[in-house]
2 protein chains.
Amino acid sequence: MTSTTSREWHLAHRPHGEPVPGDFRMETVQVPAPVTGEVLVRNTFLSVDPYMRGRMNDVPSYVSPFQLDQPLTGGALGEVIASEYDGLAVGDLVLHEYGWREYASGPGTRFRRVTPVPGVSPSAHLGVLGMIGLTAYAGLLDVARMQPGEIVFVSGAAGAVGSMVGQIAKLKGASRVIGSAGSKAKVDLLVSKFGYDAAFNYHDGSVNRQLRAAAPDGIDVYFDNVGGDHLEAAIFAFRTFGRAAICGAISSYNSTEPPSAPRNLSLIIGKGVSLTGFLVNHHRNRAAAAAAEIGGWLTSGKLVYQETVVDGVENTPAAFLDMLRGANIGKMVVAL
Amino acid sequence: MTSTTSREWHLAHRPHGEPVPGDFRMETVQVPAPVTGEVLVRNTFLSVDPYMRGRMNDVPSYVSPFQLDQPLTGGALGEVIASEYDGLAVGDLVLHEYGWREYASGPGTRFRRVTPVPGVSPSAHLGVLGMIGLTAYAGLLDVARMQPGEIVFVSGAAGAVGSMVGQIAKLKGASRVIGSAGSKAKVDLLVSKFGYDAAFNYHDGSVNRQLRAAAPDGIDVYFDNVGGDHLEAAIFAFRTFGRAAICGAISSYNSTEPPSAPRNLSLIIGKGVSLTGFLVNHHRNRAAAAAAEIGGWLTSGKLVYQETVVDGVENTPAAFLDMLRGANIGKMVVAL
């Protein structure tokens, strides 16, 4: 076997504020045939996720910044097409981090075989059956420690994680689940499809007032994907001993100024409220439990999921930009 | 028995920003003799505490606002001088909430008898043996869940609560305890008397830089009495899974604008950090355990405490204002 021609995306410029298409550059490269211990994978689905925006800044964070003029990375699913690694065979479906490209090669240990689930798109391994499902599950149950009978608020509720959180909350006995999203179509879906009891469009007015109307008795748990006004509104709405799982702050990812903190943070004292940040990586030990329970819900039809699928490796940056703008419902993936 | 002449402090004006002496007015009143079920108490010590500042605003909070032209209230210690209540006898030492006055009367159930501890001033029941000790104990061990070997940072470290927290942290196995305070004299005392391994004066420069110098390996626990820049610096300094117990935010109690810090709140996501507010009232169930353990440390000389004592009911507002400005070391009390 000789080398394989592959298109891959490089970071051409570090975005200032909202990224633009010119920040990305597609390169055509030759991927060499695998040597001993390596595999060659043809990617079938690429993941685009909010956290990638942070890696485009030249700021040390919990994950290192992307390098300029180097291929971008991210979650991807593919099929092994050549293997010099004993643990993987041609035809295996594998999950890995060499995204933003058509073909990936590397040490076999960097690729994890996944088992196809009948009736479920393989891309679900990038979402509900993978990191997204674990994020929703561990954030709600382990970080926010949601208890049956509690009132739950989720921001970014129509996104990849949010559309899972509301359903898991109801399956685990939440008495009421409220979601916010950025369009009427999303708000309608939250109630009609994703099990939310109430939902509002944050473009329609003050988040604080809309949350108060949707949760007149207050909230016990807040699953935060947005930050900013949403977190402030949740702090106002919290009942005693309320808990926030802080998963993301997409409202500020493109900010060029530090966000002003929730101006009502001191209210957490009197209410005994906790705000806890987390990464899905902190909860790897729950992956098996989450996959088992979520898989069961999927099979039995108790949990539904939706994806927004964009076709073609050439459209990966556009999918990423659309996702940051909230154009997706559920997980955004690129199908190759 | 006829009525008793008593001086008591009323709230004359709601302070705007830093309170001024004219916000308080001393009244001379007649306290009636107790009727059935009541007691009359001569106060010997009055407590002045940071939380009282919040009650002077006309803002609903976890405790209701003080009423204008009504007597202020707060922790006090006194001696029963007349009793029509079976549960208390003349001569009993009692703890209660009718502070800011010389004599208090009311239902016997509102007064709790305390046992004098040999060698310890009765005023310690307003401090280390009472709510202050419980605040430090529960905040550090239950809210921040400090573990042996961890690095602890305490702001307002020379205050009533802070001077306890550092010592309890060391007694419970903290590997390093760092405190901040507002004067060189306090900083010296933190290290020489209150068991701190390192301390700095926040007037000497950036809290963030001074904390980084004192805790080059970062911190695991932050006990926050101050808020603002201190909380922001702690968030920068936190290691993975750091925990803040948010006890108070004295830096903002006189603010007329919402505080802007911490601007780095989103860092809690990658670090898996939690910020948890609390009131001592949330931890009443730990009072017996705290009193037993703290009492033992006091008796064995393992834990020391200091009070700042102001004489005379007429100086209660001055004591309160001085405490807000940080003039006290340890608990500030008024002796009558």
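In Å and on Cα atoms, what radius of gyration and Dmax does the protein assembly as shown show?
For the protein assembly as shown, the Cα-based Rg and Dmax read 29.6, 108 Å.
Put a point 7 Å out from Cα along the line to Cβ at residue B:302; what are the distances to that point in the other copies, in nm, shortest first?
Distances to the matching label points in the other copies: 4.9 nm.
Per-residue ellipticity at 222 nm for chain B, helices alone: DSSP H runs ≥ 4 residues times -39500 (n - 2.57), over residue total, nearest 500 deg cm²/dmol?
Numbers: 9 runs with 77 residues, N = 336.
Here the helix-only value at 222 nm equals -6500 deg cm²/dmol.
Please get the size of the charge dipole for the range A:131-281, origin at its Cα centre, with Cβ charges of +1 on Lys and Arg and -1 on Asp and Glu, quoted in debye to the nearest 20.
240
Explain nothing, just the number: dipole magnitude of chain A about its Cα centre with +1 on each Lys and Arg Cβ and -1 on each Asp and Glu Cβ, in debye rounded to the nearest 20.
980
Taking only C-alpha pairs under 8 Å that are 6+ residues apart, what is the relative contact order of chain B in percent?
Value for chain B: 17 percent.
Run through every distinct alpha carbon pair of chain A and return the Kirkwood hydrodynamic radius in angstroms, one decimal place.
Answer for chain A: a Kirkwood hydrodynamic radius of 20.7 Å.
Bins of 10 Å, beginning at zero and ending with the bin holding the largest distance: percent of Cα pairs per bin for the range A:166-239, please.
With 10 Å bins starting at 0, P(r) equals 21, 57, 22, 0.
Of the trypsin sites (Lys or Arg not before Pro) in the range B:271-314, which ones lie in a loop per DSSP and count no more than 16 other C-beta atoms within 10 Å?
Listed in order of number, the matching sites are B:302.
Could you state the number of Å between the C-alpha centres of the range A:149-205 and the range B:255-304?
33
With charges set only on the Cβ (+1 for Lys and Arg, -1 for Asp and Glu), what does the dipole of the range B:1-150 come to about its Cα centre, in debye to the nearest 20?
With Lys and Arg at +1 and Asp and Glu at -1, about 100 debye.
Counting residues in the range B:131-281 as N, plug N into 2.2 N^0.38 Å and put the Cα Rg over that result.
Expressed relative to 2.2 N^0.38 Å, the Cα Rg reads 0.93.
Over all residues in A:262-268, what is the mean tally of Cβ atoms on other chains that come within 10 Å of each residue's Cβ?
Mean number of neighbouring Cβ atoms from other chains: 6.
In chain A, which residue puts its Cβ closest to the axis that turns chain A onto chain B, and how many whole Å away is it?
A:261, 0
Taking the label point 7 Å from Cα in the Cβ direction, how far apart in nm is residue B:171 from each other copy of itself, listed shortest first?
4.8
Whose amide H sits under 5 Å from the amide H of residue A:114, counting only residues 5 or more places off or on another chain, with H placed in the peptide plane?
Under 5 Å from the amide H of residue A:114: A:93, A:94, A:95.
Quick one: label points 7 angstrom along Cα→Cβ at residue A:263, distances to the other copies in nm, smallest first?
For residue A:263, the other copies' label points sit at 1.6 nm, shortest first.
As a test of the definition: which semi-axes, in Å, follow for the range B:1-118 when you take the square root of five times each eigenvalue of its alpha carbon gyration tensor? Largest first, please.
Working: eigenvalues 149, 49, 30 Å².
Semi-axes, largest first: 27, 16, 12 Å.
Please compute, for peptide B:276-284, the average count of beta-carbon atoms on other protein chains lying within 10 Å of each residue's beta-carbon.
5
List the aspartates and glutamates whose Cα sits under 13 Å from the Cα of residue B:271, skipping any in the same chain fewer than 8 residues away.
Those aspartates and glutamates meeting the cut-off are B:220.
Bear in mind that the values in this text are calculations on the coordinates, not laboratory data. As the structure is a prediction and not an experimental result, all values here were calculated from the model. All Cβ positions, even for glycine, are placed from backbone atoms using ideal geometry, and neighbour counts span all protein chains on display.
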